[in-house]
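K.L.:
Please find one structure pasted underneath; my questions will follow.
The values are calculated or read from the model by the stated rules, or taken from the named source; none is laboratory data. The structure presented is a predicted model; accordingly, all values stated were derived computationally and were not measured. For neighbour counting, all protein chains shown are included, and Cβ atoms are generated from backbone atoms with ideal geometry for every residue, glycine included. For accessibility, only protein heavy atoms count, side chains too; no ligands or nucleic acids. Shrake-Rupley method; radii C 1.70, N 1.55, O 1.52, S 1.80 Å.
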Amino acid sequence: MNLLLCLICSAITGFCLENNVPVAEKGFEMKDYSQTFIWSDGWCLESDKAWFVDGMSNTLFCVKLHSGKCEKVGCIPESKKGAYRRNPYCVKCGKDIFCIPGYGESIWIYNLDDKNFTEINLEGLGECHLGKQAWVWNDKIFIVVANWNKIIEISISQREVTAYHTICEDDNVQKSILVGDKIYAVSSGFGRIYQFDLLTKKVTVHLLPDREKKMFAMCFDGERFWLSGYQNEVYLWDKEKDSFTTISLSNVYEVYNFDKMAEKITDNNVPPVFNRIIYVGGFIWFIPIHSKKILYADKKNAALSVLEIHEEDKISVSLQKMQGIGNFLMEYVRDSRYIGLFSAQNSRVLEVDTEQLTYQWKKYYLTEHYLRQYCEACEGVYYEAKDPLCVQDYHMRKRTESTKVRKTAVYSVGMKIHAKLIKENML
């Protein structure tokens, strides 16, 4: 009876027990298993290191960019309401790493010297504000909260909230950018951009010439603002000239809904087209939520081009395991040239070279020590599939279900294994 029982260790492990001996001890190098990696909502880079929080376990990690080696730093204190995207964003300031909440209600600060977490409670935030952006300016962190009407001001040195700034009434904001000493945030309604002055704390409202366009993301190329929303279009706004240009993407770009069996987006179900827009290397890069291609525009003439990711050519049902995060997550910008993206299709990190207009898959890997700890934490939960994508699918379903359903799912898998063992013994 040689039944291989694979211990669930999420998408990135491939770690299992065979005859009670870890595969790693049988000559299997963990760093060679670099086909999959952890997904997160953004990395904070400092020199050759990057800090990020795992989107599933709410664990803080540090990865060395040159070697690809990734180690666990610490587990953010647990919440009874689950770990999924509780604190998915982080900002490193000196020896402190500020872990910004997504579905959570508090900021957790990890100190690299004493290796402890300190909590900062936030008022009136609730749990429906995934999509925050944190901007560091002088000794302050300014957090723009999606689907809210306030900016949170944090003192880095005092490690506390110093103010809540209301930037709009009867409205909310979505994505934002920092330009000099001003933060610009797009309205979640129609045709407005809010400008928050970091010096005076005053708000200026800019009404876009085409006020029927609903926006979501934006960036600034040094001269003009680029925006996108819920239609297959991008927009150019010149603040000084108050001009507004619409560029259609219908002939160069297709959008798919990966949350619904990879069907094409229709007018009846329209999410934002792009999650992020960034200006790097003389091009404006549009990071899609529901597309397999990456769009970029030349700043000089606004000409549009598509970067083909060949491994993304086939729409795969494996995307169903990534419901809620789309096909690409932007992780980092490095050396004002390279853009790091997590591909849900391939469960890996790819890096775009914005000068050569090429890309490569990065070989980031978790240390064997952490994998052992993770497997010990999951002791007693088994899965029979050998395909790591299947393991990831099961694991994500288990982690995101309610406690009651989670226990039922684990019990059901255990019962199936038990039944199979009995059947083999009877043969």
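K.L.:
Listed here are the pairs 49/95; 175/214; 182/214; which of them are more than 20 Å apart at the Cα?
P.N.:
The pairs that break the limit, which is 20 Å between Cα atoms, are 182/214.
K.L.:
For the range 61-105, would you read off the P(r) tail past 13 Å as a percentage of all alpha carbon pairs?
P.N.:
63 percent
K.L.:
Now for a separate question. Given R₀ = 35 Å, FRET efficiency for residue 212-residue 368 by Cβ-Cβ distance, to 0.05?
P.N.:
0.05
K.L.:
If you line up the Cα atoms of the range 120-205 on their principal axes, what length do they span on each, largest first, in Å?
P.N.:
Ordered largest first, the range 120-205 gives principal extents of 38, 30, 18 Å.
K.L.:
Measuring from the lowest to the highest alpha carbon on each principal axis, how far does the range 61-198 reach, largest first, in angstroms?
P.N.:
Sorted from largest, the Cα extents of the range 61-198 read 45, 35, 31 Å.
K.L.:
May I pose another question? At 1.4 Å probe size, with no ligands or nucleic acids counted, give the accessible surface of residue 372 in Å², nearest ten.
P.N.:
Accessible surface of residue 372 is approximately 80 Å².
K.L.:
Restricting to DSSP loop positions (anything but H, G, I, E, B) with no more than 13 other Cβ atoms inside 10 Å of their own Cβ, which trypsin sites (Lys or Arg not before Pro) remain in the range 137-244?
P.N.:
201, 202, 211, 241
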